[in-house]
Amino acid sequence: MPSCKALSVTALVGAVIGTLTGVLIWALIRNNSSSPPPPELIPLDWWQHCVLYQIYPRSFKDSDGDGIGDLKGITQELEHFVDAGVDAIWMSPIFESPMVDFGYDISNFYDIHYEYGTMQDFEELLAKAHELGIKVLLDFVPNHASNESEYFQKSLAREPGFEDFFVWADAQPDPNNATNRLPPSNWVSQFGGSTWEWREERQQYYLHQFAVQQVDFNFRNPAVRQEMINIMKFWFDKGADGFRVDALPYLMEADPADHGGRYPDDPLSGLPQYEPHQLGYTIPLYTKDLIELYDVVYEWREYVDQYIRNTSGDTRVLFSEGYANISMTMLYYGNNEGKIGAHFPFNFDFITDLSAESTARDIVYTVLKWLTYMPYGAIPNWVFGNHDNNRMPTRFRENMVDGLNSLNMLLPGVAVTYQGEEIGMRDGYVSWEDTVDVEALNRGDNETYLLYSRDPARTPFHWNDSTNAGFSTANRTWLPVAEDYPENNLASQKLAPRSHFKVYQALTALRKEETLSHGEYAIRTLSDRSLYLVRYLRTFDTIVLLFNLTLAPGEALVLKTEPVS
């Protein structure tokens, strides 16, 4: 951390780089002819300071007029990422799927879902993206497969080699009724109801931590672990630059061998508002964050690093998804025994821990918590929204968009943008009749569904103010376009003298400064409603962000600079 004098300057160069609503950014440089020589800057790998953009393919761009986004639509709009200053994209699942959970229920990990296009379409997207200097990551979902997958059908039939490909268990006897059967344990699915589903064909239950159609692989089976490696190799060989790996906290469940031959019940939470079929009724002691799952992640990283050594080209990466406490999350980076895991686990603290009611102190605490717990030498990242949560301007406030994007871009490490954040897209309204999200349908009803629905954060991207916001020529899109698209769209923001998109462009351009790629940081509060972030590097410009969270009109922040003594 610098002292107060580290903020002092003898010359203010370039004056204010950007003046935004509630946000001021300065570039400061010391005007001192006797300055020491610049530090030696170690070159960064492509992923270590990138702007990573999440595409939700179903809602990005529809090229064929069926109301559903597709790969050709993404390819047509790749120049948008160049224009926006994005370095890498990752697409939510594009693999073959019955679409119960819109691609997170994969039936074939080796092919493209027909609504999104063909393998040739993917190869063309990859080739054009690479020509433009954009890396392409895929969404890998190793925890489960669709019950329509060949894996499951073979396991259901007990075909040799697939008998234990998934988690199967016998029924428990009902002590009160000898003719009745009970599930193997009291585990509750993330989408509500029991995690266990009975199949007459095997006379057993199978485990599903999410929807009934999403069957959990058995990661205690070496054949399953090898198949995951095979899948990664297939897409690496195609040219993919890495994977965002989904739902890792649920990869392993308790081993019956450690509990008298049966799956143990999770302890009850004791919260009276929940019933036995509702998430929250139990504490997921035996179904989430088991320490064995990290060994699988470490195996994958070892494979990825070996793949890079055996082939030419740039680094391939693994970015892990896992909502867990800070200590369990940090284990995805690696452990104290020297094992190395994901290149980074996604940092969801701005989603889980902060909202419009949060103070500047809350924000600073959240930033410092990650940087404090993160292993030495690791790369941080910052995530403000995704396809599973309300959009950033909806969770916070619309007049905080520029400030939050500024914070994202100016903090050290990787800046992650969810589709639409560059133009400040808010949640769209999706009625009960239009709701398609399996979580909302399973956990809610026509009065409560919005408490659970992920659809509002997945509505189509706003390209312009034409029909369907320029997303599709269809009469009906898979989700309705948000009603505010005539005022809030990319085309209008490109024309406006000042807009969220133009601020976003300025920020991604500013990220090329060595101070931001290699510099130190200091972040502190000035009050409950204001904070500052300083990025500094000896002999280079010092960049200062002042973020004013106040709602009161006319309030302003002043940065006073004094000569260095």
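The values are calculated or read from the model by the stated rules, or taken from the named source; none is laboratory data. Note that the structure is a prediction, hence the values are computed from the model and not measured. Cβ placement follows ideal geometry from the backbone for every residue including glycine, while neighbour counts extend to all protein chains displayed. These area figures cover heavy atoms from the full protein model, side chains too; ligands, DNA and RNA do not enter into them. Shrake-Rupley method; radii C 1.70, N 1.55, O 1.52, S 1.80 Å.
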- Query: Which angle between 0 and 90 degrees, to the nearest 10, do you get for helix 360-373 versus the longest principal axis of the chain when only C-alpha atoms count?
  - Reply: 70
- Using only C-alpha atoms and all pairs of different ones, pull out the Kirkwood radius for region 149-243 in Å with one decimal. 15.0
- Query: At q = 0.12, 0.18, 0.25, 0.28 Å⁻¹, what is the log10 ratio I(q)/I(0) for region 458-527, with the Debye formula run over Cα points and no solvent?
  - Reply: -0.52, -0.77, -1.04, -1.17
- Query: In what order, largest first, do E433, E201 sit by accessible area if the probe radius is 1.4 Å?
  - Reply: E433, E201
- Task: For the chain, compute Rh as the Kirkwood radius over C-alpha pairs and then the Stokes-Einstein diffusion coefficient at 20 °C and 1.002 mPa s; write the answer in µm²/s, rounded to an integer.
- Result: 85
- Residue separation times 0.36 nm, minus the C-alpha to C-alpha distance between L285 and L268: what's the value? 5.1 nm
- Taking region 316-444, the equivalent ellipsoid from its C-alpha gyration tensor has semi-axes in Å, biggest first, of 28, 19, 13
- Per-peptide average of other Cβ atoms within 10 Å, ordering 320-330, 71-81, 40-50 highest first: 71-81, 320-330, 40-50
- Query: Do the alpha carbons of any pairs in K61/K494; K72/K238; K61/K288 sit beyond 24 Å of each other, and which pairs?
  - Reply: K61/K288
- Could you please state how large a percent of the accessible area of the chain is carbon and sulfur, counting protein chains only and using a 1.4 Å probe? 50
- Using alpha-carbon coordinates, inclination of helix 401-410 to the longest axis of the chain, degrees: 90
- Message: I need the shape label for region 171-216. Rule: rounded when a/c is under 1.5, else prolate if a/b > b/c, else oblate, with a, b, c from the alpha carbon gyration tensor.
- Response: oblate
- Peptides ranked, highest mean first, by Cβ atoms within 10 Å: ranges 367-377, 88-98, 108-118: 88-98, 108-118, 367-377
- Message: Students often forget the sequence filter, so: which lysines lie under 18 Å Cα-Cα from K233 once same-chain residues fewer than 8 apart are removed?
- Response: K135
- Message: Using only the alpha-carbon atoms, what does region 73-175 span along each of its principal axes? Please give whole angstrom values in decreasing order.
- Response: 65, 28, 21
- Message: Counting heavy atoms of the protein chains only and a 1.4 Å probe, report the per residue accessible area for region 248-353 as a whole number of Å².
- Response: 46
- Query: So what is the calculated 222 nm ellipticity per residue for the chain, using -39500 (n - 2.57) for each DSSP H run with n of 4 or more, over all residues, to the nearest 500 deg cm²/dmol?
  - Reply: -6500 deg cm²/dmol
- Query: Of Y418, Y298, L354, whose Cα points farthest to the positive end of the dipole of the chain (charges on the beta-carbon: +1 Lys, Arg; -1 Asp, Glu; origin at the Cα centre)?
  - Reply: L354
- Task: Find which of F122, I543, I363 sits farthest along the positive direction of the dipole of the chain, computed with +1 on the beta-carbon of Lys and Arg, -1 on that of Asp and Glu, about the Cα centre.
- Result: I543
- May I ask which residue of H80, S149, Y449 lies farthest towards the positive end of the charge dipole of the chain, with charges of +1 (Lys, Arg) and -1 (Asp, Glu) on Cβ and the Cα centre as origin? H80
- Isotropically averaged projected area of region 131-170, using the convex hull of Cα atoms (one quarter of hull area), nm²: 4.5
- Query: Helix 119-131 sits at what angle to the longest principal axis of the chain, using alpha carbons and giving 0 to 90 degrees rounded to 10?
  - Reply: 20
- Ignoring everything but the protein chains, give the 1.4 Å probe accessible area of L546 in square angstrom, nearest 10. 10
- Mind ordering 396-407, 411-422 by average Cβ neighbours within 10 Å, highest first? 411-422, 396-407
